[in-house]
1. Which Cα, out of A:ALA400, A:ILE427, A:LEU411, lies furthest along the positive dipole direction of the range A:381-464 (beta carbon charges, K/R +1, D/E -1)?
2. Can you tell me the 0 to 90 degree angle between the C-alpha axis of helix A:323-333 and the longest principal axis of chain A, rounded to 10?
3. Normalised by the residues of chain B, what does the relative contact order come to in percent, with Cα pairs under 8 Å and at least six apart?
4. Divide by every residue of the protein assembly as shown the summed helix terms, -39500 (n - 2.57) for each DSSP H run of at least 4, and state the resulting mean residue ellipticity at 222 nm, rounded to the nearest 500 deg cm²/dmol.
5. Can you list residues from other chains, or at least 5 along the same chain, whose modelled amide H is less than 5 Å from the amide H of B:GLY259?
6. Using Cβ contacts closer than 10 Å as the measure, can you line up A:ASP338, B:ASP244, A:ASP85 from fewest to most?
7. Pop out the ³J(HN,Hα) list for the range B:89-100 in order, Karplus 6.51 cos²θ - 1.76 cosθ + 1.60 with θ = phi - 60°, rounded to Hz; leave Gly and Pro as x.
8. Along Cα→Cβ, 7 Å out, is where each label goes; now give me the distance between the ones at B:PHE486 and A:LEU101 in nm to one decimal.
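Please treat every number below as a calculation from the coordinates, not as lab data. In this text, all values refer to a predicted model and were calculated from it rather than measured experimentally. With ideal geometry, Cβ positions are generated from the backbone for all residues, glycine too; neighbour counts draw on all protein chains shown.
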Amino acid sequence: MTWETVIGIETHVQLSTKTKLFSRASTTFGQNPNTNVNLIDCGLPGVLPSVNKEAFYKAIRFGLAIGAEINQTSIFDRKNYFYPDLPKGYQITQMDLPIVLGGSVEIKTKEGTKIINVTRAHLEEDAGKSIHDKFDGYSAIDLNRAGTPLLEIVSEPEISSAKEAVAYMKALHQLVTFLDISDGNMSQGSLRCDANVSIKKKGETKLGTRTEIKNINSFKFIEKAINFEINRQIKELENANSITQETRLYDSIKDETRSMRSKEFANDYRYFPEPDLLPVVISDKELNKIKGTFPELPKEKLNRYVDEYKIPDSDAKILSSSKSLADFFESSLENVEDKGLLAKFLVGDISSLLNKELIEINESNLTPENISQLINLISDGTISGKIAKVILEKTWKTNARPEEIIEKEGLTQISDDKEIEKIIEQILKENSNQVEAYLAGKEKLFGFFVGQVMKLTQGKANPKAVNNILKEKLKK
Amino acid sequence: MSIQFKSILELKSMLNSKTISSSELIEETFKLTKDLKDLNCFVTMNEGSAKQKAKQIDQGKYKNNSYLTGIPLGQKDLFCTEGLRTTCSSKILSNFIPPYSATVVKKLEDSGSITIGKTNMDEFAMGSSNETSFYGNVHNPWKRSYVPGGSSGGSAAAVAAGIVPASTGTDTGGSIRQPAAHCGITGMKPTYGKVSRWGMVAFASSLDQAGPLARSAEDCAIMLNEMSGHDLKDTTSLDVEHTDLLRSINNPIKGIKIGIVKEFNLNDLDSKIQEKFQDSKKLYEKLGAKFIKISLPNISASVPTYYSIAPAECSSNLSRFDGVKFGHRSRDSKDLNDLYIKSRSEGFGDEVKRRILIGTYVLSAGYYDAYYKKAQQVRRLIKNDFESAFQTVDLIMTPTSPNTAFEFGSKGAQNPVELYLEDLFTISSNLAGLPAISIPHGMVNDLPVGLQLIGNFLREDKILNAAHVFQKNSEFHLAKPSLEDF
């Protein structure tokens, strides 16, 4: 039997505001437990929420970027449930009137570009964290995260594979980082999702029973969790079992999903309009201001890189796809003559270092000053491309300036023809057998001689000069 | 010289003329609280800090001399007071000492007034008789075995017994006006949003409003002048200019138009209460007021509407009392669920539990539309009724309560709804967010009776003007209980 998968994703994006959605406590990550907490965050008797408009502006930027309708009047609702890290016993969220309505996101698939429609995106406050493994016999509560603004983005059930789900999440990640509305840091929980997965027979129009996989926080796990769940559902149905509508948890260590709670035990959240907040109105003036300061999105960046800096399309695509890489490129540009070389270096050597350690460039030791200096040193012939790689690895580790490294390690390129000639003569003398073989027609050996020169000079010889002089010498 | 039963203005003139020092005044006040301990007006006293502040005032450390500088006040135990226990008359908050003060408390204290203690009340302001307090009944100063009304019963009794010239209260469905009526004093619920709710423990957020209880309309104006104002910490507080309510309080009321609500069939009330109402009407006519029959077609739905919305909001507002962060935590819970159930079962009294249950029910999936949503729609209609009524009248006059105070245990024990009907005349102004006052206008069977004046949105000035002129031309508000039972 052929099965079709239907996936809808709810994404929680932590908005990068300085303070919380309804209080003035800081949102900085990684502080000591319960230090970014004020009266409002711990839900003391008598406190009232007050609104942080910055969060609204960020939500609106997202809405505009996906071509959505913006509800300029925002109404909040209470979602009631008991949990120790939810201090008030309810979460303030948006039910009937989300700030962002509709819109769509483009994803790349094997078959080409696909549009995933967004149902809505609404603002809500995050909960705190329960810590179960720190104190014997007790659970502890850290409310630092409580009240951090979240944008919950709900997709239509239009995603049809785990790969597409990953592509969708990557597209969202790219958007929110480019819009500068979130740091997008998945390991810190700034971007996490719940995936609603169901399967149906190919061609069937009625949707199957869905399960919801909660709180997935890496691209890798999204793919694995969804694939596990699809296969589990297929097995159940092919064994003539039925699917229970339930919430499931993905265990990344065992690589499986397992049941958390079924719908019968699901909460009745008793939503009702939040009486402590008047409707929040965004004026036309505010909306226009947001439109006026709209950041450049990947597509526009790509075109500009190609047009303005004559960078090859393939390099420009990679540079523009990551906010941090694009930012780095743009901050390095000013002092660099050869923009193409800069792009090539970022897309090539630097990207492979980043990929190896799975970090973004802004999390590395590299600075635009150092990299632009390095590129200029290549362009003016001070160092070879090969030495550049050595220097890159050093500055990657130590954050030292390339010029310093060159001076300290004596890595300046040897471009003096006479000096190179001397070295070449020495090499040819020491390898007379190979010279004979070469002259007898074994031209492959040319590379061997180049290698020997580089070895002797520790890579410092100017490769162009080496080539020319070697050719000249071997003619004789 | 006795300070008992003195108004704010009288005490102020004693202080200004140095007939009494602030310290002496506070000393005398605490003496009264001890003599009248049996009334059970206070849950927690603030003796140390109060005396210290009085001393500072005597030493001239409070430069800005307002009407309230040096004046002792009671604060309803629903307002958070920094460093001073705040219980809401509930067991669940019996050990709660807030790290901050409510805006109302702060404003009053900044004006130089002295908080002498936290007044007893119905638990979390849920009740009309002060019988739901974990800390025991407050007695009616006029008759010991009678209720003082509620929920601001301690505040009303403390003023009526002459211990303090004024107290703060909160009014969600009549909780200032009804006890003011039952205790024979003046109490005012302002327009929703006139006074900040920051630091006032929420019962029903969209209905709760703080206000004063005092010995006269004039004193209420003094209190309200200090209490009101826009507060950035409360987004529902009104960002409007708050005019001095004393400025127009003496204006003649000739030509003022007062509405009588057609739908309130006063013939059903006790004939003596009807009589009082007619007498007051005549007095107002003599003072130049014109009475007009008005219709509030949806007013009969106000009690059921209120008892859907208020419990719904209460069920959510009281969720934070879960034994996790503050307040009572059960000692022997097996797991998280058990902790919730036991802490809340032990911590809350019956009436609070009843309202949490009602509220949870009306918000539940499948019932929300029929109850909560419908109630909100009816609320809108009631609001519209008032809006059109105020096109033709300046004020609306009703009795404050259908009855005088009743004996402990006589109402609501079998059927809580009986007690809910106490709020018949007061509830609608909370639903519509309108200001209203209760002033004493005579005695029936040795118990005070209250008269209610409801005003249009933010027209506290008109209400206080009419109430003050009434009090200048009558002596009902000057009556004092003998207190011989205490």
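1. A:ALA400
2. 40 degrees
3. Working: 1147 pairs, mean separation 87.0, N = 486.
Relative contact order, chain B: 18 percent.
4. Details: 31 runs with 353 residues, N = 962.
Value at 222 nm, helices only, nearest 500: -11000 deg cm²/dmol.
5. B:ILE292, B:ASP394, B:LEU395, B:ILE396, B:MET397
6. On the way: A:ASP338 14, B:ASP244 10, A:ASP85 18.
In increasing order of surrounding Cβ atoms, one gets B:ASP244, A:ASP338, A:ASP85.
7. Rounded to whole hertz, the list is 6, 10, 5, 5, 10, 5, 10, 8, 10, x, x, 8.
8. It is 5.8 nm.
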